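The values are calculated or read from the model by the stated rules, or taken from the named source; none is laboratory data. Remember, it's a predicted structure, so these values are computed and weren't measured experimentally. We place every Cβ from the backbone using ideal geometry, glycine too, and count neighbours over all the protein chains shown.
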Amino acid sequence: MSDTILVINAGSSSIKFYLYDIDDKHELAPRLGGQLEGIGTTHPRLRVRDAAGETLVERDIAPSHAPDVPNAQEVVGTWLSGHLGGAPLAVGHRVVHGGPDLSEPVLIDDDILARLETFTPLAPLHQPNNLAPIRVIRERRPWIPQVACFDTAFHRSHSDVADRYALPERLYLVGVRRYGFHGLSYEYIAQRLKQTLPDIAMGKIVVAHLGSGVSACVMHQGKSVDSTMGFTALEGLPMGTRPGRLDPGVVLWMMEQGMSHDEIEHMLYHDCGMKGLSGISNDMRELLASNAPSAKLALKYFAWRVAEGMVGLGCATNGIDGIVFTAGVGENSAEIRQAISEHWGWLGIKLDPERNARHGPRISTDDSRIGVYVVRTNEELVIAQHTLALVRQR
Ligand code: ADP
């Protein structure tokens, strides 16, 4: 049996995990991917598929075995050790927040774990869930090296200006900064562009990660220059259940109406965006299939604000050499890419309907002033690569 790298991406209600084989040339090959979803509900369920998409396991888990992320991690760990007949060489984790300074993945020790815990107030809904499996593995299988890979790290190349809001300096000094997120996805795209589109890879590229969460990043020479997301994953473009741009006065108004902090937080993270606007769903497929005027309104809003946010990033780089769509919506919906690009006609950007329907890689016409592309993201692979690299260094 070859050595393996395990990648874990833990959220509040699900743990996603991916296992990679390490071959003789130290290359990574996906072996399986799975998720335990419904954590803390009456119907937790474990699903695992091999690299060819064949189901390895699909079964209900007793709610008492997965009431929270730490217990759910034990279920995943037990299944994996049974399946593997051993332990992985190392585990890489997606950790949303690396704070203002961590610009690279790190091997986890007690000091690092304590430091990552101090970032919990910056990402209260995500950071504790990301850290819970790390703690479980450290307690139960302390000999396994673990690596934390941060969504914020890729954006630590931002300038002082991009890192700021127009707020008093003292807020900046205590951490109110524009951290930016989806960095693992952007890092993968930067890497992939060097392999597949070397002519533009070092240029000024706007990448739109359109998934459940939505953001865009402009990079130059493969490094992030600016991002639409800032202090939290709420800022910027409209998302499945988060609003994106919002006058902070709206939050003050909510407070004046008597809404508590938790009610406002729940609304901003779970009830806004496409779900709030349409009143139907956060899933773009459902909105595209719907004839309801509210679904059409939500899709129009999405296309307009995403288009605006993407080209706006070009101010940071004084130009755009290429545009890339990625993630669930960006990779799969020709209709939404078309709707976004219709706002760019005045810039001479044109999509080719056939290329767009084939999902690229190039989806713009030959005479489009800026080339537009679709590139599939792979955040898990970036985590596995970093984990292997750090373990080998050790
Ligand atoms: P996550 O951020 O959860 O990893 P993904 O990148 O997988 O999300 O994107 C999930 C979203 O992608 C879904 O909510 C769905 O709206 C959208 N999506 C997936 N396939 C399609 C499709 N064929 N057409 C439109 N939207 C799609």
Count of residues meeting criterion [within 14 Å of the ligand (Cβ to nearest atom) and without any contact (Cβ under 8 Å) to a residue 60 or more places away in the chain] in segment 307-332: 2
Top-ranked residue of segment 346-373 - restricted to ones that are of a type in the set (Ser, Thr, Tyr) and crowded, with 21+ Cβ neighbours inside 10 Å, ranked as farthest from the ligand (Cβ to nearest atom): Ser364
Yes/no for Leu125 being surrounded by fewer than 23 Cβ atoms within 10 Å (Cβ to Cβ) and at pLDDT below 95: yes
Cβ-Cβ under 6 Å pairs, at least 6 apart or on other chains, segment 142-158 side surrounded by fewer than 24 Cβ atoms within 10 Å (Cβ to Cβ), far side in a loop (DSSP other than H, G, I, E, B) and aliphatic (A, V, I, L, M): Ile144/Ala87
Subset of segment 268-283 that is surrounded by fewer than 17 Cβ atoms within 10 Å (Cβ to Cβ) and more than 14 Å from the ligand (Cβ to nearest atom) - its residue that is nearest to Leu252 (Cα to Cα): Asp271
Segments classed as helices (runs of 4 or more DSSP H), wholly inside segment 284-345, with at least 3 members that are buried (at least 21 other Cβ atoms within 10 Å of the Cβ): 293-312, 327-332, 334-341
Met202, sole failed condition from (1) buried (at least 20 other Cβ atoms within 10 Å of the Cβ); (2) farther than 19 Å from Ala10 by Cα; (3) not acidic (Asp, Glu): (1)
Leading residue by the ranking (nearest to the ligand (Cβ to nearest atom)) among those in segment 196-247 that are polar (S, T, N, Q) and in contact with a helix residue (DSSP H, G or I) (Cβ under 8 Å, 6 or more places away or on another chain): Ser212
Residue match in segment 375-384 (condition: loosely packed, with under 15 Cβ neighbours inside 10 Å, more than 18 Å from Leu193 (Cβ to Cβ) and at pLDDT 95 or above): no
Search result, residues across segment 112-134 that are touching a helix residue (DSSP H, G or I) at 6+ places or on another chain (Cβ under 7 Å) and of a type outside the set (Phe, Trp, Tyr): Leu113, Leu116, Glu117, Thr120, Leu125, Gln127, Pro128, Asn129, Leu131, Ala132, Pro133, Ile134
Pair list, Cβ < 6 Å and 6+ apart or interchain, from segment 186-215 residues that are among the aromatic types (Phe, Trp, Tyr) and at pLDDT 95 or above to residues that are surrounded by fewer than 20 Cβ atoms within 10 Å (Cβ to Cβ) and part of a loop (DSSP other than H, G, I, E, B): Tyr188/Asn378
Pair list, Cβ under 7 Å, 6 or more apart: segment 107-132 residue within 24 Å of Gln385 (Cα to Cα), other residue polar (S, T, N, Q) and not in a helix (DSSP H, G or I): Ile108/Gln146; Asn129/Ser12
Matching residues in segment 64-109 - criterion: being under 24 Å from the mean Cα position of the chain (by Cα), closer than 18 Å to Ser14 by Cα and of a type in the set (Asp, Glu): Asp68
